[in-house]
Amino acid sequence: MGFLHKGHMTLMERAKQENELVIVSIFVNPLQFGPTEDYETYPRNEVKDVELAKEIGVDIVFIPQVQDMYPNKMKIKLSINERIDQLCGKSRPGHFDGVLTVLAKLFHIVNPTKVYFGLKDAQQVAVVDALIQDLNFPIELVGVPTVREESGLAISSRNVHLSPQEKKEATELYKALNYGRKLVVDGETNPVMIEKEVKNYLKNNTSSKIDYIDILSYPDLKKVDQINQRVILAGALYFEKARIIDNLIFNEQGNLENKFS
């Protein structure tokens, strides 16, 4: 959605290494924002975005306007029935329907052979996987590991809305998730206990409001009774003007799996 940062640059670099032609789409999609969310204030800087894309060697930057993507009221609505009743999908109803709609249009317009998405939003990657599989798009999905600041904070366009104190506190989310993963490394298999410990860590170390801390199977995003398979430990926090997300994907031994497939 633009306002490019190091995370986006990493996606472009990976795509450039693996493909003859790289196209970057930049579009702040109104369909995936709720009525109380930050569509109007979402950070934008198209001039700088194009310059950064050129530096990487991107061949085409596709920047449609809203009237280009949605010239008329949509007569068809895409919706997803699984992988959305947890994590961000639970607190953002309709969000992933908007994601599906714009991606289906972009996939048809661009006709790519591969698409690159950051695993910072691992639920989105799981939803894109469902779209590609269920609608038979001839596309390979590549999930790219989360890019972080030196503090461990996952890089995000929305980080500009964090105050200095909030940005310091935001780093605790990554620490909390790693604390939860270490419990698995040490032999804990009860997801409820781990979720509780991670929440307590965040309550003791931040002034944020916890949206969720969940452990789910990945990529199916189902509740698990015990950790005996690949899972995602994911969290979201609300600060005054920003909501941040992060996650870790690991196996039953707690070993990180920084890939999608």
**OP:** Go through the range 145-160 residue by residue and turn each phi into a ³J(HN,Hα) via Karplus (6.51, -1.76, 1.60, θ = phi - 60°); whole Hz please, and just put x for glycine and proline.
**Re:** x, 4, 9, 10, 6, 4, 6, x, 4, 5, 5, 8, 4, 6, 4, 5
Subject >> the range 190-261 and the range 55-76: distance between their alpha carbon centers, rounded to Å >> reply: 33 Å
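Report the Stokes-Einstein translational diffusion coefficient (µm² s⁻¹, integer) for the range 35-115, Rh taken as the Kirkwood radius over Cα pairs, at 10 °C with viscosity 1.306 mPa s. Display every interim value, and only then the final one.
On the way: Rh = 15.4 Å.
In µm²/s, the coefficient is 103.
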Original post:
Using bins 5 angstrom wide from zero, how does P(r) for the range 6-144 break down, in % of all Cα pairs?
Top reply: 2, 8, 18, 21, 24, 17, 8, 2, 0
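We did not get these values from a lab; they are worked out from the coordinates using the rules stated. Predicted model, so just to flag it, every value in this text is computed and none were measured.
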